[in-house]
1. On a full-extension model of 0.36 nm per residue, what is the gain between residue 243 and residue 142, subtracting their alpha-carbon distance, rounded to one decimal in nm?
2. For semi-axes √(5λ) of the Cα gyration tensor in Å, one of (i) 41, 19, 18; (ii) 34, 21, 18; (iii) 29, 21, 20 was computed from the structure I shared and the rest are decoys. Which label?
3. Does anyone have the angle between helix 2-19 and the longest principal axis of the chain? Alpha-carbon axes, 0 to 90°, nearest 10?
4. Between their Cα atoms, which of 67/121; 121/155; 230/292; 23/292 are more than 29 Å away from each other?
5. Where does the charge balance sit around residue 294 when Lys and Arg score +1, Asp and Glu -1, over other residues with C-beta under 9 Å from its C-beta?
6. Go through segment 98-110 residue by residue and turn each phi into a ³J(HN,Hα) via Karplus (6.51, -1.76, 1.60, θ = phi - 60°); whole Hz please, and just put x for glycine and proline.
7. Test of understanding: ordering 199, 115 by Cβ neighbours within 10 Å, fewest first, what list do you get?
8. Please list the non-local residues whose amide H lies under 5 Å from the amide H of residue 96, H modeled 1.01 Å from N, same-chain partners needing a gap of 5 or more.
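Bear in mind that the values in this text are calculations on the coordinates, not laboratory data. These numbers come from a predicted model, not from an experiment. Neighbour counts run over all protein chains shown; Cβ positions are idealised from the backbone, glycine included.
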Amino acid sequence: MKQLLLALIISVLCINAYSQTYKNEFGFRSDNDSYLAQGSDRYYTNGLFIHFRRALNQQQLKEGLEKKTYEISAGQEIYNPYSGSAPDPTKQDRPFAGYLYAGGALSWFYTNESILKASVKVGTTGSNSLAEDGQELLHNTVGFYKLEGWEYQIKNAVTLNLSAQYTRLLHRSASNAIDFSFEGYANAGTTFNGAGAGILFRAGGINQLFNSAYTNAVIGNNPKTKALVKREVFFYAKPQLNVVAYDATIQGSMFNNNDPVTFGIKPIVFAQQVGFNYSSQRFTFDFGMVFKTKEVKSTAKAHQYGSISMFYRFN
C-alpha cells in the first residue's frame with residue numbers, strides 16, 4: 001500500500017512538473033539602432049519580425065531526437081545611408097533599401113544538444129517591401145525628422161532565400177551555470193549569400209539547448225527530458241565571423257542591376273552580440289546588442305544596433 005501511495009505521489013509530481021509546458025509560441029523581435037541611445041539612424045536602421053512556433057509530439061519522435069518544432073514568420077528590414085535624410089545620391093554611403101518576407105522553418109533538437117534548423121523565405125525588395133512607408137510611419141509617430149532620398153532605393157525584385165543553421169554544445173560546467181556552444185550558418189538565395197560561425201557563451205540560470213529560450217525551444221509537447229531550471233535568467237555573448245558573398249540590400253538585384261545607388265560589399269564581417277535573457281514557462285524577454293565591422297565598400301562606418309524580443313507561450 002505504501003509503495004502504491006509513493007508511486008501515485010511521484011506520478012502526480014511528474015505530471016505537475018510537465019503541466020506548465022506549452023506547445024505554441026507567438027511573439028516578435030524588434031531591431032533598431034536607436035535602442036542604443038546613440039542618436040544614429042543609419043545602415044540597418046530597423047527590423048520587425050513576427051513568429052509563431054509549435055512543438056510536435058515528442059513521444060512520437062525517434063530515439064536521439066528530443067524535440068521538433070515548426071515555425072511561420074514574417075519580417076521587414078529597413079536600410080538607410082548615413083541618415084534617413086540623405087537627398088543627394090552622390091553623398092549616400094549605402095543604398096536606401098527594404099526587404100519584406102514571409103517564411104517557414106523546421107528545427108530538430110537532439111538529445112546530445114545539437115540543433116539543426118532549415119528555413120525558406122519568399123519576399124521582395126524595393127518599394128514593394130513597404131520600407132519607406134514603414135519608416136515614414138515610425139518617424140511621424142514619434143516625431144522624428146522628415147525622410148529624404150528614398151526615391152534612390154534599390155528596385156523591386158522577387159526574392160527566394162534558403163538558410164541552414166547548426167548549433168552544438170561544446171561544454172557545460174558541473175554547476176550548470178556556464179556553457180559554450182558552436183553556432184554556424186549558411187545562406188543561399190537572391191537576397192543574401194554567405195556563411196558564418198561563432199562561439200556562444202551563456203552564464204546564469206540556463207537550460208539545455210533543447211529547452212532554452214535562446215534557441216526558441218521553451219515550448220514542448222509531451223516532453224522527454226525535464227528542464228534544468230523553471231526560469232532562465234542569463235547573460236550571453238557570441239563573437240561571430242561572417243563571410244559575405246552577396247547582399248542585395250547593398251549591391252542591388254542579382255539579375256537586373258539597374259539600381260541608381262549600389263556599392264560593393266566587404267567579404268569579411270566580424271560581429272559581436274551580447275545580451276540578457278529572462279524566460280519563464282509562459283514568457284520570454286530578451287535584450288541584445290549587436291556590433292558589426294564595416295559591411296560596405298564606401299565611406300560607411302562600422303555599425304551597431306539593439307534588439308528586443310518578447311514571446312508568449314500557450315496551448
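1. Here the answer is 32.7 nm.
2. (i)
3. Compared with the principal axis, the helix lies near 10 degrees.
4. Values: 67/121 23 Å; 121/155 19 Å; 230/292 34 Å; 23/292 35 Å.
With Cα atoms farther than 29 Å apart: 230/292; 23/292.
5. Details: positive: 266, 292, 297, 301; negative: 295.
Surrounding charge for residue 294 is +3.
6. x, 9, 10, 8, 10, x, x, 8, 10, 10, 10, 10, 9
7. 199, 115
8. Placed amide hydrogens put 154 under 5 Å from residue 96.
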